[in-house]
Amino acid sequence: MVLVTAVRDYINRMLLDISGMKVLILDSSTVSIVSVVYSQSDLLKKEVFLVELVDSISKSKESMSHLKAVYFLRPTSENIQHLKRQLASPRFGEIHLFFSNILNDTQIHILADSDEHESVLQVQEIYADFIAGDPCHFSLNISSNHLYMLPVAMDPSNLQHYCDRIVDGISAVFLALKRRPVIRYQRTSDIAKRIAQDTVKLMYQQESGLFDFRRSETLLLVLDRREDAVTPLLNQWTYQAMVHELINIQDNKVDLRTFGKVPKDQQEVVLSSEQDLFFKANMYENFGDIGMNIKRMVDEFQQIAKSNQKIQTIEDMAKFVDNYPEYRRMQGNVSKHVTLVTEMSKIVEERKLMVVSQTEQELACNGGQGAAFEAVTNLLNNENVSDIDRLRLVMLYALRYEKESPVQLMQLFNKLASKSAKYKPGLVQFLLKQAGVDKRTGDLFGNRDLMNIARNMARGLKGVENVYTQHQPLLFQTMESISKGRLRDIDYPFVGNHFQPGRPQDVVIFIVGGTTYEESRSVSLFNSTNSGIRFILGGTTVLNSKRFLKDLEEAQRMIRSSSTVV
């Protein structure tokens, strides 16, 4: 059930079967799908000498009959129109069409009618309609991610596109895994219910033949991000999550161009567990350990560099030349990780994140409203704390204590308004309307359910290894409940008459509104310590706190400016 391997296999098959010099033609979505699993050197090995976007190819008239064109596109009406125009006057010697999902009959007829020159040699569906960033974590990179927060009647057309894209992505994952799951959803979420029902309709009715796999114990659980708004608001202290929170990871790439004196060859770096062994070993380690491990890597590199300086014989020279590519790769890798950790250390110091984060973790994990109020008030008054950090602290306090201390909450709203003019307290109130206690199903803070209260007390007595990483996402509890067969039907109903007795073997959890790298880490660690059940996590996008707040602001703006709110 490794998604990266599934997507790589599809692309291998696509490129290996076509011999000779090739141009690979992608769209804005498939370029991300390919780039996270395939490097440029991998493409060159498959004789791909040119990579183009389908819309820019449309603008060019130059003949390239010496090249074979391999198109890999999403089956959208826009892409079909691009193809229709390009097939009318083909520029390539051969055309091979691959689509990342199911084509409908109308699209097939349009392609057939457009191919008057008979230049298309094959049309195939390969089910890679998702970005497989890590082996057990995928995203759909949906840009208009705020739509899940809007009332259904407000923007029905865009909401339909949003839901359709999610159903397409989920169905492609299960076609790639060759599974047809039973489907459950979070009862309190209308959008989770809608997506679950649409997915059942596709898999069990419209395309039942395509999903006619041998019955397996597989579950799809559709959740809503608003069930746990705490996780995307927290600062992160493990390597992958921290890079995304403080700098940003997009399709396994990190853009450092806006940072001061970064060397030219380090301005965009790749962070992939498939291509970088150091990152694979350290992506879930905490920040303190990362520093030590990078120092060890630098020391090892310096030893190798010293030995390379002792070239005295022809044999030494030949050995150095043989090892030079590996030496250059190692040098690049050392430099990349040193640069990332250096830049993050500067941000931590500048924004006083160690002090801020300690209070965040207290708000997320421990009780004590009085102490929490005092700590948040002190940080709001601290001139070194940034506006975004003040806002996140008030939001975390509000999510935890909205019912217990409305008076103090009002005081914090007023303090936030006076200190951070950019952020109006209305955004915190909008968050509570979207993700407050009345909207949630689960025990987000571990203080409703007796079992969770006992678990938290036990954890408190044992002590926490690291104060900055004591938070556990709500997803961890959900995985525990599934693995023990205790996920309550009343809170997470099945769709239709497809039930599942006992414990599933394979579980895909999809979060509408986006996942976080903290949750991805939880899934990976859970899989490594629990045999007999495997989890995959997917979502509409991969969030950090900045993106989560941007989605919240956009939804609030649209609701305010709409006159059709219901």
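The values are calculated or read from the model by the stated rules, or taken from the named source; none is laboratory data. These numbers come from a predicted model, not from an experiment. Every residue, glycine among them, receives a Cβ derived from its backbone with ideal geometry; neighbour counts consider all protein chains shown. Calculation scope for accessible area: heavy atoms of the full protein, side chains included, ligands and nucleic acids excluded. Shrake-Rupley method; radii C 1.70, N 1.55, O 1.52, S 1.80 Å.
Among 352/433; 22/306; 280/415; 46/336, which pairs are too far apart, with a Cα-Cα distance over 32 Å?
Working: 352/433 30 Å; 22/306 43 Å; 280/415 43 Å; 46/336 27 Å.
Correct reply: 22/306; 280/415.
Ignoring ligands, DNA and RNA, what percent of the 1.4 Å accessible area of the chain is carbon and sulfur? Don't skip to the answer; put the middle values down first.
On the way: 13350 of 26230 Å².
Percent of accessible area from carbon and sulfur atoms in the chain: 51.
Let's test the formula: R0 of 45 Å, r as the Cβ-Cβ distance of residue 112 and residue 42. What FRET efficiency results, to the nearest 0.05?
Details: r = 33 Å, r/R0 = 0.72.
The computed FRET efficiency comes out at 0.85.
Once phi is turned into θ = phi - 60°, what whole-Hz ³J(HN,Hα) does the Karplus curve with 6.51, -1.76 and 1.60 give for every residue of the range 85-93, x standing for Gly and Pro?
Karplus-based 3J(HN,Hα) across the range 85-93 equals 5, 6, 6, 5, 9, x, 9, 10, x Hz.
Could you state the per residue volume, in Å³, of the convex hull enclosing the Cα atoms of the chain? The partial results should precede the final answer.
Numbers: hull volume 108.4 nm³, N = 566.
Per residue, the Cα convex hull of the chain comes to 191 Å³.
Tell me, what is the Rg over Rh of the range 484-554, with Rh the Kirkwood radius over Cα pairs?
Values: Rg = 14.9 Å, Rh = 14.3 Å.
Result: Rg/Rh = 1.05.
Counting heavy atoms of the protein chains only and a 1.4 Å probe, report the per residue accessible area for the chain as a whole number of Å². Mind showing how you got there, number by number?
Numbers: 26230 Å² over 566 residues.
Per residue, the chain has an accessible area of 46 Å².
For the range 489-522, list residues with backbone N below 14 Å from a point placed 7 Å from the Cα of residue 258 toward its Cβ?
No residue qualifies, since no backbone N sits under 14 Å from the label point.
Need one number: convex hull volume per residue for the range 367-431, Cα atoms only, in Å³.
Taking the convex hull of the Cα positions in the range 367-431, it is 73 Å³ per residue.
Return the distance in nm (one decimal) between the two label points of a simple spin-label model at residue 553 and residue 59, each offset 7 Å from Cα along Cα→Cβ.
Here the modelled spin labels are 3.0 nm apart.
Expressed as a whole number of Å, what is the distance separating the alpha-carbon centroids of the range 522-553 and the range 400-422?
Value for the Cα centre distance between the two parts: 29 Å.
How large is ³J(HN,Hα) for each residue in the range 260-275, as worked out from phi by the Karplus curve 6.51 cos²θ - 1.76 cosθ + 1.60 (θ = phi - 60°), to whole Hz, x for Gly and Pro?
x, 9, 8, x, 4, 6, 10, 6, 9, 10, 9, 10, 10, 5, 7, 10
Considering only DSSP beta bridges whose two residues both sit in the chain, what percent are antiparallel, to the nearest 5? Don't skip to the end; give the middle numbers.
Values: 8 of 51 bridges.
Just about 15 percent of them are antiparallel.
Would you mind checking which residues have amide H under 5 Å from residue 185's amide H? H placed 1.01 Å from N; only 5 or more apart, or other chain.
Excluding prolines and chain starts, which carry no amide H, the hits are 222.
Rounded to the nearest 5, what % of DSSP beta bridges with both residues in the range 47-162 are antiparallel? Show your work: numbers first, answer last.
On the way: 2 of 14 bridges.
Percentage antiparallel, nearest 5: 15.
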